[in-house]
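Okay, structure first, notes after.
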Amino acid sequence: GEDVEQSLFLSVREGDSSVINCTYTDSSSTYLYWYKQEPGAGLQLLTYIFSNMDMKQDQRLTVLLNKKDKHLSLRIADTQTGDSAIYFCAESLSGTYKYIFGTGTRLKVLA
Amino acid sequence: GAGVSQSPSNKVTEKGKDVELRCDPISGHTALYWYRQRLGQGLEFLIYFQGNSAPDKSGLPSDRFSAERTGESVSTLTIQRTQQEDSAVYLCASSLEGHGYTFGSGTRLTVV
């Protein structure tokens, strides 16, 4: 079935790197996304990766995609307290405009 | 508009009453989506619109839920005879041809 899985919690110290992992199900997904949700707010698109790429870097963010294992990760370098939020990965189902979202990983950054 | 706008931002209603939630997408965005987020959980797909038609309404939980979109713009999600399990944040998003959703801030619905 359609299921995107993420670990629920991650705690890191300020200045360290954070790595948030995700496994998805649709091997023909065209795009995979990372969204950030701050308390009381909607979801904000952070970055995305096209399925024919292995890696994408955008400032402090690095996305790694392992298509064979259907594994996606988001690395945040030099994590700051402002990065504390819930991070959702999402896959776009092939042939549709529908996204399937993971359960979200709550990142807590300790000062 | 500049972003996706949802109203009301908060709604408290009595069990059994009907509620209407509104979404104003980004101007020109052809696709519009409704998701539900229960407390501490991920996003649950409800329905999506391409223009004014809904090719996929598979996520609507029951016949108490309905949605419409007019003028390829505003959408309303209606929940009839609300139940306590309907309490959640209802999120709307829009996109240009399905790539890269932009979300609104959501409507927090509390059924008491």
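The values are calculated or read from the model by the stated rules, or taken from the named source; none is laboratory data. The structure displayed is predicted, hence computed values, not measured ones. Quick reminder, even Gly has a Cβ in these numbers, built from the backbone with ideal geometry, and neighbours come from all protein chains shown.
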Quick check on the range B:24-31. Is at least one of its residues within 11 Å of chain A (Cβ to nearest Cβ), surrounded by 14 or more Cβ atoms within 10 Å (Cβ to Cβ), free of Cβ contacts under 8 Å to residues at least 60 places away in the same chain and aliphatic (A, V, I, L, M)?
no
Residues of the range A:26-49 being within 11 Å of another protein chain (Cβ to nearest Cβ), at pLDDT below 90 and loosely packed, with under 15 Cβ neighbours inside 10 Å, in sequence order, are A:Gly40, A:Ala41
Which of the residues that make up the range B:93-112 are within 10 Å of another protein chain (Cβ to nearest Cβ), assigned to a strand (DSSP E or B) and in contact with a Phe, Trp or Tyr (Cβ under 6 Å, 6 or more places away or on another chain)?
B:Ala93, B:Ser95
Could we say that B:Val74 is in contact (Cβ under 8 Å) with a residue 60 or more places away in the chain and either more than 9 Å from chain A (Cβ to nearest Cβ) or among the basic types (Lys, Arg) (or both) here?
no
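I'm checking my understanding of the structure. Among residues of the range A:83-111 that are outside any strand (DSSP E or B) and closer than 16 Å to A:Leu65 by Cβ, which one is nearest to the other protein chains (Cβ to nearest Cβ)? Let's see the steps before the verdict.
At the first step, the residues of the range A:83-111 found to be outside any strand (DSSP E or B) are A:83-84, A:93-98, A:102-104, A:111.
Checking which are closer than 16 Å to A:Leu65 by Cβ leaves us with A:94, A:102.
Details: A:Ser94: 11, A:Gly102: 6 Å.
That would be A:Gly102.
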Out of A:Asn52, A:Asn21, which single residue is away from chain B (no Cβ under 14 Å) and surrounded by 13 or more Cβ atoms within 10 Å (Cβ to Cβ)?
A:Asn21
